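The values are calculated or read from the model by the stated rules, or taken from the named source; none is laboratory data. Small disclaimer: the values here were computed from a predicted structure and weren't measured. Cβ: placed from backbone, ideal geometry, glycine included. Neighbour counts: every protein chain shown.
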Amino acid sequence: MADYQKHLEEIYQETIHLQGKGKVADYIPALAETEPTKYGITVCTLDGGLYRVGDADETFSIQSISKVFTFAMVFNAMGDKLWKRMGKEPSGTSFNSLIQLEKENGIPRNPFINAGALVCVDCLVSLTKNPLKEILSFVRKLSGNPKVNYDSVIADSERKTGFRNAALANFMKSFGNIENDVEEVLNAYFHQCSLMMSCTDLAKAFSFLANGGVNPQTGERHLTESQCKRMNALLQTCGMYDESGEFAFSTGLPGKSGVGGGIAAVLPRSLSICSWAPELNSYGNSLIGMKAMELFTTKTGISIF
């Protein structure tokens, strides 16, 4: 059996020198204030093991990692009807691109680019009376942490600077692919992205995706086995923006990143892992996190391939 704690400590020491080579996201002003040298990793195994190093228990803005949770909620509720409103293919363009929406009549390529995530939130607004409450309840249940919450400062910062997301939502509204009030959808989306969680929270929250859709902490099923398989396939092909191919090539795990510097990934039937290092590479992914994930699968000899 792999000595996960030993591997994490080795990875931490072997990657710490990369600090200073990336750049903290600053297009959301509140994120620009993040301390760039923060760095943590947590591994959560399905048999209850928890292994941590560095700042693994400090909370950060999970940003686009949150798209996984809202997608799981609407996929569970709507099933394959969801695919009438979005695709399953990698985008090949930036995560907030308008270009494909014009060519493809307001249908986003996948649920993990911003346009796809906005459609997911729109579905959630239709399905629930209080989407913000439902998102929070779901994430708290998955992580086992009742203290997980939104950061109102970050949500407000995103609202004040989220012109591109507003454009995406309004553009899809013109095609009929946003059904609810655009401002209501955007408010829920900005709050979703402002969720504050730690590496440990996220590793626990992702463990249902390593366990066939069942939360190993509670035994509750959140996705069918078939849906979980498809979710992990989408994470493998679309979860890391334009660097999804590189992540699959170097790491071999389904994963999702966020511009807050987090990367969460799973090894089905085994474990979930989350890293956090705020400095990003040119693709908007954590520079240290990408290397840490690669080293983890190299040292342990595990991946889906």
Restricting to the range 162-180, count the residues that are without any contact (Cβ under 8 Å) to a residue 12 or more places away in the chain and either acidic (Asp, Glu) or farther than 24 Å from ALA25 by Cα (or both). 1
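Test ALA210 against the criterion of being closer than 16 Å to GLN63 by Cβ and touching a Leu at 6+ places or on another chain (Cβ under 7 Å), and give yes or no.
For ALA210, the condition - closer than 16 Å to GLN63 by Cβ and touching a Leu at 6+ places or on another chain (Cβ under 7 Å) - is not met.
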Which one is surrounded by the fewest Cβ atoms within 10 Å (Cβ to Cβ), of the residues in the range 266-298 that are modelled with pLDDT of 95 or more and part of a loop (DSSP other than H, G, I, E, B)? ARG269
Go through (1) out of contact with any Cys (no Cβ under 8 Å at 6 or more places or on another chain); (2) assigned to a loop (DSSP other than H, G, I, E, B) and name the single condition GLY212 misses. (1)
Consider LEU195 carefully, then state whether it is within 15 Å of the chain's Cα centre (by Cα), within 19 Å of TYR150 (Cβ to Cβ) and either modelled with pLDDT of 95 or more or crowded, with 24+ Cβ neighbours inside 10 Å (or both). yes
Residues of the range 8-24 classified as crowded, with 20+ Cβ neighbours inside 10 Å and among the aliphatic types (A, V, I, L, M), total: 2
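Just to be sure, is LYS173 surrounded by fewer than 20 Cβ atoms within 10 Å (Cβ to Cβ), over 17 Å from VAL121 (Cα atoms) and not β-branched (Val, Ile, Thr)?
In short, no.
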The listed residue being in a helix (DSSP H, G or I), within 24 Å of LEU168 (Cβ to Cβ) and aliphatic (A, V, I, L, M), out of VAL259, VAL185: VAL185
In the range 148-177, residues that are aromatic (Phe, Trp, Tyr) and assigned to a helix (DSSP H, G or I) total 2
Residue satisfying condition, being closer than 21 Å to ASN114 by Cα, assigned to a loop (DSSP other than H, G, I, E, B) and of a type outside the set (Ser, Thr, Tyr), within set ASN145, ASN180: ASN180
Take the residues of the range 152-167 that are crowded, with 20+ Cβ neighbours inside 10 Å and not β-branched (Val, Ile, Thr): which is nearest to ILE99 (Cα to Cα)? ASN165
Take the residues in the range 236-259 that are within 16 Å of THR300 (Cβ to Cβ) and surrounded by fewer than 20 Cβ atoms within 10 Å (Cβ to Cβ), then tell me which one is farthest from the chain's Cα centre (by Cα). SER250
Residue satisfying all of: in the range 208-232; surrounded by 17 or more Cβ atoms within 10 Å (Cβ to Cβ) and over 27 Å from ARG85 (Cα atoms); modelled with the lowest pLDDT among these: GLN217
